[in-house]
1. Only one of (1) touching a strand residue (DSSP E or B) at 6+ places or on another chain (Cβ under 8 Å); (2) within 26 Å of residue 228 (Cα to Cα); (3) not hydroxyl-bearing (Ser, Thr, Tyr) fails for residue 36. Which number is that?
2. Can you report the number of residues in the stretch 51-76 which are under 19 Å from residue 6 (Cβ atoms), part of a loop (DSSP other than H, G, I, E, B) and either among the acidic types (Asp, Glu) or in contact (Cβ under 8 Å) with a residue 24 or more places away in the chain (or both)?
3. For the stretch 106-122, what are the residues that are over 22 Å from residue 159 (Cα atoms) and surrounded by fewer than 16 Cβ atoms within 10 Å (Cβ to Cβ)?
4. Is it the case that residue 179 is in contact (Cβ under 8 Å) with a residue 40 or more places away in the chain and surrounded by fewer than 20 Cβ atoms within 10 Å (Cβ to Cβ)?
5. Scan the stretch 95-126 residue by residue and report those that are outside any helix (DSSP H, G or I) and touching a residue at least 12 places away in the same chain (Cβ under 8 Å).
6. From 139, 86, which residue is assigned to a loop (DSSP other than H, G, I, E, B), under 22 Å from residue 188 (Cα atoms) and either in contact with a helix residue (DSSP H, G or I) (Cβ under 6 Å, 6 or more places away or on another chain) or not aromatic (Phe, Trp, Tyr) (or both)?
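Coordinate-derived values only; no laboratory data. Please read all numbers here as calculations on a predicted model, not as lab measurements. Every residue, glycine as well, gets a Cβ built from its backbone with ideal geometry; the counts of neighbours run over all protein chains shown.
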Amino acid sequence: MFKIENATGGYGKTTIIRNVSIEVKEGEIVALLGRNGVGKSTLMRYATNLIPPMSGSVEIDGKAAPNSPAKQARMGLGYVPQGRFVFPRMTVTENIAVAAASNGHDPKKAVAEALEDFPLLQPKAGDLAGGLSGGQQQVLALARALAIVPKILLLDEPTEGVQPSIIDEMAGILKRINKDRGIAILVAEQNLDFCLSVSQRAYVMEKGAIRMETDRDSLLADKALQQELLGV
């Protein structure tokens, strides 16, 4: 239901990713693994049209993705970028409400669902997002992405700078929304344990290209492969 085909892109005249093709099927959680600097974030930005494509294409639910991030969101593409990028001068509830309203959804319903899904946000509901801890901001960014009612959710390094207890909670939330709402998920990460706890299969990137595709059990069993490709 989500495809990137022959993606080539980068910044200015510098090519970072080359001929990358990946697919996330309906209701699937897929990991995008690799060391820092291999092109995972660039591929995410390519997919969300935050960098101009040099070649290739993106499909959402069998249709060509528009060249506008806002239109992609209306098609059902949710995105949590590396670094979170919450609106710091808005409250937690305002962050969620704005995301919902801008995509034609009921903001009050979105806020209520988010606070139910993410109990740690409840006591912070009226606080400014900029005053939250890094982990709390990451959870808010995830809640905000879910407020657009996505069909596919892209997560870029969601565990970066987040304490282990919140990482465990995020893993549980992702598995629950995947099961209960059928949201497909693509998660780009260096945290192998986190990815293996939520995903069924993985693509491994190396030097801007897909080195291999593997399933969770095969990767878990191959310690040499983990060391070679992921440096863990």
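1. Just one mismatch for residue 36, condition (1).
2. Of the residues in that region, 3 qualify.
3. Within the stretch 106-122, 106, 108, 109, 112 qualify.
4. In short, no.
5. Scanning the stretch 95-126 gives 103, 104, 105, 118, 125, 126.
6. The unique qualifying residue is 86.
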